[in-house]
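Engineer: Below: one structure in C-alpha coordinates.
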Amino acid sequence: MAVPSSGQLSQLAMAQEALYGTYGSGSVTGPISLYDMVNGGNTNGSGNSYPTINTACTPNPANRNSNQLTNVRGGMGTGTPTTLYYNSNIGAASNLGVGDYLYTDSNLTTPATSADFYASEQPGETGNTTRHCNTGDDWLFDVTNNQGLIGNDYGCN
(Lines give C-alpha, C1' and ligand atoms only; values in the text may rest on other atoms or scores of the structure.)
Protein backbone atom coordinates (compact mmCIF):
# COMPACT_ATOMS: atom_id res chain seq x y z
CA MET A 1 0.00 0.00 0.00
CA ALA A 2 1.07 3.64 -0.26
CA VAL A 3 0.14 6.97 1.25
CA PRO A 4 -3.10 8.11 -0.44
CA SER A 5 -2.96 10.99 -2.91
CA SER A 6 -6.19 12.55 -1.61
CA GLY A 7 -8.18 12.80 1.59
CA GLN A 8 -7.06 13.42 5.15
CA LEU A 9 -3.54 12.24 6.03
CA SER A 10 -2.46 10.83 9.36
CA GLN A 11 1.06 11.03 10.78
CA LEU A 12 0.47 7.72 12.57
CA ALA A 13 -0.63 6.07 9.32
CA MET A 14 2.41 7.50 7.50
CA ALA A 15 4.65 6.08 10.24
CA GLN A 16 2.95 2.69 9.75
CA GLU A 17 3.62 2.96 6.01
CA ALA A 18 7.27 3.83 6.63
CA LEU A 19 7.77 0.92 9.05
CA TYR A 20 5.61 -1.82 7.51
CA GLY A 21 4.40 -0.66 4.10
CA THR A 22 0.83 -0.81 5.47
CA TYR A 23 -0.73 2.65 5.58
CA GLY A 24 -3.12 2.67 8.53
CA SER A 25 -2.15 -0.58 10.26
CA GLY A 26 0.71 -1.79 12.42
CA SER A 27 2.11 -0.97 15.85
CA VAL A 28 4.05 2.31 16.22
CA THR A 29 5.75 3.52 19.40
CA GLY A 30 5.56 7.28 19.95
CA PRO A 31 6.75 9.90 19.65
CA ILE A 32 6.77 10.09 15.85
CA SER A 33 9.23 12.46 14.20
CA LEU A 34 8.73 13.43 10.55
CA TYR A 35 12.48 14.13 10.43
CA ASP A 36 13.22 10.51 11.38
CA MET A 37 10.64 9.14 8.92
CA VAL A 38 12.27 11.09 6.08
CA ASN A 39 15.92 10.60 7.07
CA GLY A 40 15.77 7.16 8.67
CA GLY A 41 16.81 6.16 12.18
CA ASN A 42 15.58 7.82 15.37
CA THR A 43 18.09 10.65 15.94
CA ASN A 44 15.25 13.12 16.52
CA GLY A 45 13.71 11.08 19.33
CA SER A 46 11.21 8.78 17.60
CA GLY A 47 10.05 5.71 19.50
CA ASN A 48 10.84 3.58 16.44
CA SER A 49 13.93 3.54 14.23
CA TYR A 50 12.77 4.16 10.66
CA PRO A 51 14.42 2.61 7.60
CA THR A 52 16.46 4.79 5.28
CA ILE A 53 14.48 6.09 2.32
CA ASN A 54 15.01 4.23 -0.95
CA THR A 55 17.70 6.41 -2.51
CA ALA A 56 17.40 4.61 -5.87
CA CYS A 57 13.84 5.89 -6.37
CA THR A 58 13.06 9.25 -7.99
CA PRO A 59 12.03 11.65 -6.53
CA ASN A 60 12.65 10.10 -3.08
CA PRO A 61 14.85 11.81 -1.93
CA ALA A 62 15.99 14.51 -4.32
CA ASN A 63 19.68 14.16 -3.38
CA ARG A 64 21.64 12.52 -0.56
CA ASN A 65 25.13 13.19 -1.97
CA SER A 66 27.41 15.22 0.24
CA ASN A 67 30.28 17.69 0.11
CA GLN A 68 32.85 18.26 2.84
CA LEU A 69 33.41 21.27 5.07
CA THR A 70 36.88 20.65 6.52
CA ASN A 71 38.80 21.85 9.58
CA VAL A 72 35.75 23.16 11.50
CA ARG A 73 36.26 23.98 15.17
CA GLY A 74 33.34 24.43 17.58
CA GLY A 75 33.38 26.25 20.92
CA MET A 76 34.72 29.64 19.81
CA GLY A 77 37.33 27.91 17.68
CA THR A 78 38.84 25.95 20.56
CA GLY A 79 37.37 22.53 19.68
CA THR A 80 39.12 19.71 17.85
CA PRO A 81 39.22 20.22 14.06
CA THR A 82 36.63 18.05 12.36
CA THR A 83 35.00 17.54 8.98
CA LEU A 84 31.31 18.29 8.56
CA TYR A 85 29.16 17.46 5.54
CA TYR A 86 26.35 19.18 3.65
CA ASN A 87 24.06 18.43 0.70
CA SER A 88 25.99 18.59 -2.57
CA ASN A 89 23.08 20.50 -4.20
CA ILE A 90 24.43 23.56 -2.37
CA GLY A 91 27.65 23.47 -4.40
CA ALA A 92 30.89 24.95 -3.09
CA ALA A 93 31.31 25.50 0.66
CA SER A 94 31.31 29.25 0.01
CA ASN A 95 27.57 28.94 -0.78
CA LEU A 96 26.69 27.75 2.74
CA GLY A 97 24.66 30.09 4.91
CA VAL A 98 21.66 30.54 7.19
CA GLY A 99 19.04 27.87 6.55
CA ASP A 100 21.47 25.19 5.36
CA TYR A 101 22.14 22.01 7.34
CA LEU A 102 25.40 20.41 8.47
CA TYR A 103 25.98 16.75 9.35
CA THR A 104 28.74 14.74 10.99
CA ASP A 105 28.57 11.89 8.45
CA SER A 106 28.80 11.78 4.66
CA ASN A 107 25.41 10.00 4.40
CA LEU A 108 23.75 13.14 5.83
CA THR A 109 21.94 11.17 8.52
CA THR A 110 23.57 12.48 11.74
CA PRO A 111 23.03 16.23 12.20
CA ALA A 112 25.69 18.45 13.74
CA THR A 113 24.36 19.79 17.05
CA SER A 114 24.29 23.19 18.68
CA ALA A 115 26.06 21.68 21.70
CA ASP A 116 29.11 20.88 19.56
CA PHE A 117 29.05 23.59 16.88
CA TYR A 118 27.73 26.76 18.49
CA ALA A 119 30.15 29.65 17.88
CA SER A 120 32.13 27.71 15.27
CA GLU A 121 34.91 28.81 13.01
CA GLN A 122 36.66 27.50 9.93
CA PRO A 123 39.94 29.02 8.73
CA GLY A 124 40.01 29.88 5.03
CA GLU A 125 42.32 28.56 2.35
CA THR A 126 42.50 29.88 -1.21
CA GLY A 127 41.46 27.46 -3.92
CA ASN A 128 40.03 24.91 -1.49
CA THR A 129 36.38 24.09 -2.25
CA THR A 130 35.93 22.58 1.23
CA ARG A 131 36.37 26.00 2.88
CA HIS A 132 33.85 28.83 3.10
CA CYS A 133 36.37 31.71 3.07
CA ASN A 134 39.70 32.50 1.43
CA THR A 135 43.13 32.48 3.09
CA GLY A 136 43.43 34.85 6.01
CA ASP A 137 39.70 34.86 6.83
CA ASP A 138 37.81 32.69 9.28
CA TRP A 139 34.16 31.80 8.70
CA LEU A 140 32.18 32.28 11.91
CA PHE A 141 28.78 30.59 12.23
CA ASP A 142 26.40 28.89 14.67
CA VAL A 143 24.52 25.62 14.45
CA THR A 144 21.43 26.66 16.40
CA ASN A 145 19.52 23.41 16.93
CA ASN A 146 19.97 19.64 17.06
CA GLN A 147 19.06 19.16 13.39
CA GLY A 148 22.24 20.78 12.07
CA LEU A 149 20.66 24.12 11.07
CA ILE A 150 23.02 27.02 10.39
CA GLY A 151 21.07 29.70 12.24
CA ASN A 152 23.67 32.48 12.28
CA ASP A 153 26.30 33.35 9.69
CA TYR A 154 28.72 36.05 10.85
CA GLY A 155 30.64 35.98 7.56
CA CYS A 156 34.32 35.86 6.80
CA ASN A 157 36.49 37.84 9.22
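Engineer: Tell me which residues, restricted to segment 98-118, are in contact with a helix residue (DSSP H, G or I) (Cβ under 9 Å, 6 or more places away or on another chain) and either part of a loop (DSSP other than H, G, I, E, B) or within 14 Å of TYR154 (Cα to Cα) (or both).
Structural biologist: Just the residues of segment 98-118 that are in contact with a helix residue (DSSP H, G or I) (Cβ under 9 Å, 6 or more places away or on another chain), to begin with: 100, 102, 104, 108-109, 111.
Within segment 98-118, ASP100, LEU102, THR104, LEU108, THR109 meet the criteria.
Engineer: In segment 76-108, what count of residues is obtained for those that are of a type in the set (S, T, N, Q), surrounded by 16 or more Cβ atoms within 10 Å (Cβ to Cβ) and within 14 Å of the chain's Cα centre (by Cα)?
Structural biologist: The number of residues fulfilling the criteria is 2.
Engineer: A follow-up question, please. Please list, ordered by first then second residue, the pairs with beta carbon atoms under 6 Å, 6 or more apart or interchain, first in segment 1-25 and outside the structural domain of SER46 (by TED's automatic domain parsing), second of a type in the set (Asp, Glu) and surrounded by 17 or more Cβ atoms within 10 Å (Cβ to Cβ).
Structural biologist: Every condition considered, the pairs that remain are VAL3/GLU17.
Engineer: Another one. Report every pair of residues separated by at least 6 positions or lying on different chains whose Cβ atoms are under 8 Å apart, first residue within segment 121-149 and assigned by TED's automatic domain parsing to the domain that holds THR83 and surrounded by fewer than 19 Cβ atoms within 10 Å (Cβ to Cβ), second outside any strand (DSSP E or B) and aromatic (Phe, Trp, Tyr).
Structural biologist: As it stands, the answer is ASP142/PHE117; ASP142/TYR118; THR144/TYR118; GLN147/TYR35, since those pairs meet every condition given.
Matching residues to (1) at pLDDT 90 or above; (2) touching a Ser or Thr at 6+ places or on another chain (Cβ under 7 Å); (3) hydroxyl-bearing (Ser, Thr, Tyr):
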{"site": "LEU12", "(1), (2), (3)": "yes, no, no"}
{"site": "ALA15", "(1), (2), (3)": "yes, no, no"}
{"site": "ILE32", "(1), (2), (3)": "yes, yes, no"}
{"site": "GLY41", "(1), (2), (3)": "no, yes, no"}
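Engineer: Scan segment 20-35 for residues that are within 23 Å of ASP105 (Cβ to Cβ) and in a helix (DSSP H, G or I) and report the count.
Structural biologist: 2
Engineer: For segment 36-54, which residues satisfy the criterion of being in contact (Cβ under 8 Å) with a residue 40 or more places away in the chain and either surrounded by fewer than 17 Cβ atoms within 10 Å (Cβ to Cβ) or not in a helix (DSSP H, G or I) (or both)? Can you show your working first?
Structural biologist: So in segment 36-54, the residues in contact (Cβ under 8 Å) with a residue 40 or more places away in the chain come out as 39-41, 43-44, 52.
The answer is GLY40, GLY41, THR43, ASN44, THR52.
Engineer: Output the qualifying pairs, or none if there are none: Cβ atoms under 8 angstrom, residues six or more apart or on different chains, first residue in segment 86-99 and under 8 Å from HIS132 (Cα atoms) and without any contact (Cβ under 8 Å) to a residue 60 or more places away in the chain, second residue of a type in the set (D, E, K, R) and not in a loop (DSSP other than H, G, I, E, B).
Structural biologist: These pairs meet every condition: LEU96/ASP153.
The values are calculated or read from the model by the stated rules, or taken from the named source; none is laboratory data. Being a predicted model, the structure only gives us computed values, none of them experimental. Cβ sites come from the backbone with ideal geometry, for glycine too, and all protein chains shown count toward neighbours.
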